[in-house]
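Asker: Structure provided below as structure tokens; questions to follow.
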């Protein structure tokens, strides 16, 4: 039986895995909807408030310091690329580090893109090789001292003699995600490849015409809010319904109730799809399941089920801090198609 935690789960927010590291960027987390994170003149709760940041705000990080038992970071707005606010200090407990993004090296914008930081240095993409489809085939990187870098946006990182804005970030991330995904599965497992392609398509839930290509044309797809298939609230959509669903994106559907409290869950199809995935580059593993999680199969048909797992390895409670995407496939005319999907997790 699936274990479900009813009590509130403790979440730890960290700026960096190492207290002395300073990230390039950060996202405001752990702030309730309708509330905001105070930006202060000095790194102290009693210091003058100079501004406030909404939940989810993406900011640049200038410096961080530990004072007593608290960690504080001085944040700044990204020119032409984020919320406008006065620079100041915020408690790092409400920041989640992100070291991927455009940077300016020694005040010379050149569409340089940072991939990661380690200690006092960050890895920056310097050159790209592209094929005829403008897909990255290889890249050259170098480690640059963190102090030489300034967080930027795709607009502010554009060279002065450039026209428009930097666009290489999508190509770089697609290349890295593909490389990472290929390392997670057996290259001969066509069903696992199909699962990863479907997972990628879910990252753009409003593009239902593309998403429909992965759904079985005869059986359609079953979507469940629960941890197993077979509940009366499970939703069934035909491939055609998914293909034509964009005009109905505002319609809320009843998906069932939450574990523990039993609150009724109402979501649009697109809001449901957005709960299923996280960053493709942070997939921890893809495993084949020995059972179909209660999915009702047709006699004589060939099925497989896989789970894509995201595990927050930096969390102090990583055994609870994870998300799984369960995908059931059926083989039809030599092609593996998706017939079932649900979100697996420790708790909701």
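Asker: For residues in the range 293-311 being touching a residue at least 60 places away in the same chain (Cβ under 8 Å) and assigned to a strand (DSSP E or B), which is nearest to residue 339 (Cα to Cα)? If you could, list the steps in order and put the result at the bottom.
Answerer: Of all residues in the range 293-311, those touching a residue at least 60 places away in the same chain (Cβ under 8 Å) come to 293-296, 298, 304, 306, 308.
Adding the requirement that they be assigned to a strand (DSSP E or B) leaves 304, 306, 308.
Numbers: 304: 10, 306: 12, 308: 16 Å.
Step by step, filter the range 293-311, then rank; the result is 304.
Asker: Given the options 153, 129, 138, name the one that is outside any strand (DSSP E or B) and in contact with a strand residue (DSSP E or B) (Cβ under 8 Å, 6 or more places away or on another chain). Before the answer, list the steps.
Answerer: Numbers: 129 fails: outside any strand (DSSP E or B); 138 fails: outside any strand (DSSP E or B).
Exactly one of 153, 129, 138 is outside any strand (DSSP E or B) and in contact with a strand residue (DSSP E or B) (Cβ under 8 Å, 6 or more places away or on another chain), namely 153.
Asker: If you don't mind, there's one more thing I want to ask. Considering only residues that are at pLDDT below 85 and within 15 Å of residue 90 (Cα to Cα), which ones fall in the range 1-44? Reasoning before the result, please.
Answerer: Within the range 1-44, the subset at pLDDT below 85 is 1-21, 33.
Correct list: 13, 14, 15, 16.
Asker: Looking at residue 336, is it under 27 Å from residue 180 (Cβ atoms), in the same structural domain as residue 205 (by TED's automatic domain parsing) and assigned to a strand (DSSP E or B)?
Answerer: Numbers: under 27 Å from residue 180 (Cβ atoms): yes; in the same structural domain as residue 205 (by TED's automatic domain parsing): yes; assigned to a strand (DSSP E or B): yes.
Here the answer is yes, as residue 336 does meet what is asked.
Asker: Given the structure, is residue 115 surrounded by 15 or more Cβ atoms within 10 Å (Cβ to Cβ), touching a strand residue (DSSP E or B) at 6+ places or on another chain (Cβ under 6 Å) and in contact (Cβ under 8 Å) with a residue 60 or more places away in the chain? Before the answer, list the steps.
Answerer: Details: surrounded by 15 or more Cβ atoms within 10 Å (Cβ to Cβ): yes; touching a strand residue (DSSP E or B) at 6+ places or on another chain (Cβ under 6 Å): yes; in contact (Cβ under 8 Å) with a residue 60 or more places away in the chain: yes.
The answer is yes for residue 115.
Asker: Select from the range 312-330 the residues that are without any contact (Cβ under 8 Å) to a residue 40 or more places away in the chain and surrounded by fewer than 17 Cβ atoms within 10 Å (Cβ to Cβ) and list them in ascending order. First the steps, then the outcome.
Answerer: Taking the range 312-330 and keeping what is without any contact (Cβ under 8 Å) to a residue 40 or more places away in the chain, we get 312-313, 318-319, 322, 324, 326.
Selection gives 313, 318, 319.
Asker: Turning to a different aspect of this structure: Take the residues in the range 268-292 that are in contact (Cβ under 8 Å) with a residue 24 or more places away in the chain and in a strand (DSSP E or B), then tell me which one is farthest from the chain's Cα centre (by Cα).
Answerer: Here the answer is 288.
Asker: I've got another one for you. Would you mind stating whether residue 296 is more than 21 Å from residue 190 (Cα to Cα), assigned by TED's automatic domain parsing to the domain that holds residue 231, out of contact with any strand residue (DSSP E or B) (no Cβ under 9 Å at 6 or more places or on another chain) and surrounded by fewer than 17 Cβ atoms within 10 Å (Cβ to Cβ)? Please lay out each step first, then the result.
Answerer: Details: more than 21 Å from residue 190 (Cα to Cα): yes; assigned by TED's automatic domain parsing to the domain that holds residue 231: yes; out of contact with any strand residue (DSSP E or B) (no Cβ under 9 Å at 6 or more places or on another chain): no; surrounded by fewer than 17 Cβ atoms within 10 Å (Cβ to Cβ): yes.
Judged against the criteria, residue 296 is not a match.
The values are calculated or read from the model by the stated rules, or taken from the named source; none is laboratory data. Please read these numbers as outputs of a predicted model, since none were measured by experiment. Quick reminder, even Gly has a Cβ in these numbers, built from the backbone with ideal geometry, and neighbours come from all protein chains shown.
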